[in-house]
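The values are calculated or read from the model by the stated rules, or taken from the named source; none is laboratory data. Everything numeric here is computed off the predicted structure, so don't read it as measured data. All Cβ positions, glycine included, derive from the backbone under ideal geometry; neighbour counts span all protein chains shown. Just the protein is used for accessible areas: all its heavy atoms, side chains included, with ligands, DNA and RNA removed. Shrake-Rupley method; radii C 1.70, N 1.55, O 1.52, S 1.80 Å.
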Amino acid sequence: LAAVVVAGTAVQVVRGASSTLPVVLGDELIYSGVAKSVGLDGALRFRGDVHLGHSILHPLLLGPFFAAADAVGALLTIKVVQALAMALAAVPAYLVSRRISSHGWSLTVAALTALAPWTGYATLLTTEALFYPVFVTVAWATVRMLERPTAGRQAVTLGLAIAAALIKPQAFVLLPGIATAVALFVLTSRPRPALRRYGLVLGGVALLALAAAAILLGVENAPGG
């Protein structure tokens with residue numbers, strides 16, 4: 001599994017080293033601009049204005065790289081970090097697959113996860129590179145939470161779903177997705193588990209949905225708005 005992660009990282013590092021210019025205009029300019037603002041000024045700004053519409057967590061995580069090096073050096077370092085982040089999605093993918101498959105087939109799933117065409121986003125300064133491993137980890141955490149809905153596992157699942165939404169606002173759909181997964185699991189399991197065992201995660205989803213609705217309706221330039 002470690003070899004899969006290393007190989008997936010190496011492939012994207014080699015691909016990313018061939019160019020330091022933005023490819024996806026103007027998304028990369030916006031993401032890099034906000035990240036630079038975080039690194040240099042400590043604020044989520046783009047061209048002087050507060051910018052929350054694309055992502056919150058992404059520029060906060062990448063901003064320190066612009067504080068530590070010049071723009072070219074920061075971009076090259078970020079590409080390496082993003083390549084590793086995307087390759088690490090192989091780990092939760094392996095853990096999910098291992099529940100129903102052999103070690104060999106699970107390694108195949110991990111390799112396909114680390115080397116899928118989607119991982120080419122590691123060479124771009126967009127949110128996909130950070131979102132991908134978090135999304136796969138949400139899937140793994142949800143499986144574990146469904147199997148044994150302890151308070152800790154429910155809290156971890158909610159926390160990861162929130163992190164995914166802070167990276168990529170469209171990931172808000174993971175919250176009703178988790179609630180739907182709980183409902184389907186309860187309905188199809190024999191013996192049927194009590195729905196109240198999932199009260200923490202279901203209550204959290206409801207509260208977060210209300211909070212998100214209030215933010216979208218009441219905040220100018222709200223994330224995902």
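Structure data summary
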| item | result |
| --- | --- |
| Criterion (touching a residue at least 24 places away in the same chain (Cβ under 8 Å) and at negative phi) met by exactly one of Leu184, Leu146 | Leu146 |
| Of all residues making up the range 45-69, the number that are assigned to a loop (DSSP other than H, G, I, E, B), more than 15 Å from Pro169 (Cα to Cα) and modelled with pLDDT of 85 or more | 0 |
| Cross-chain or 6+ apart pairs with Cβ under 6 Å, the range 21-47 first and open to solvent by 30 Å² or more (accessible area, probe 1.4 Å), then of a type in the set (Gly, Ala, Ser) | Arg45/Ser37; Phe46/Gly33 |
| Residues located in the range 21-43, provided they are among the hydrophobic types (A, V, I, L, M, F, W, C), farther than 19 Å from Gln170 by Cα, in a loop (DSSP other than H, G, I, E, B) and under 22 Å from the mean Cα position of the chain (by Cα) | Val23, Leu25, Ala43 |
| Matching residues, the range 48-69, being aromatic (Phe, Trp, Tyr) and either free of Cβ contacts under 8 Å to residues at least 12 places away in the same chain or open to solvent by 80 Å² or more (accessible area, probe 1.4 Å) (or both) | none |
| Tally, over the range 91-110, of residues that are touching a residue at least 12 places away in the same chain (Cβ under 8 Å) and farther than 17 Å from Ala7 by Cβ | 5 |
| Residue in the range 8-20 that is modelled with the lowest pLDDT, counting only those that are open to solvent by 40 Å² or more (accessible area, probe 1.4 Å) and assigned to a helix (DSSP H, G or I) | Arg15 |
| Complete set of residues in the range 190-223 that are in a helix (DSSP H, G or I) and in contact (Cβ under 8 Å) with a residue 40 or more places away in the chain | Arg197, Tyr198, Leu200, Val201, Gly204, Val205, Leu208, Ala212 |
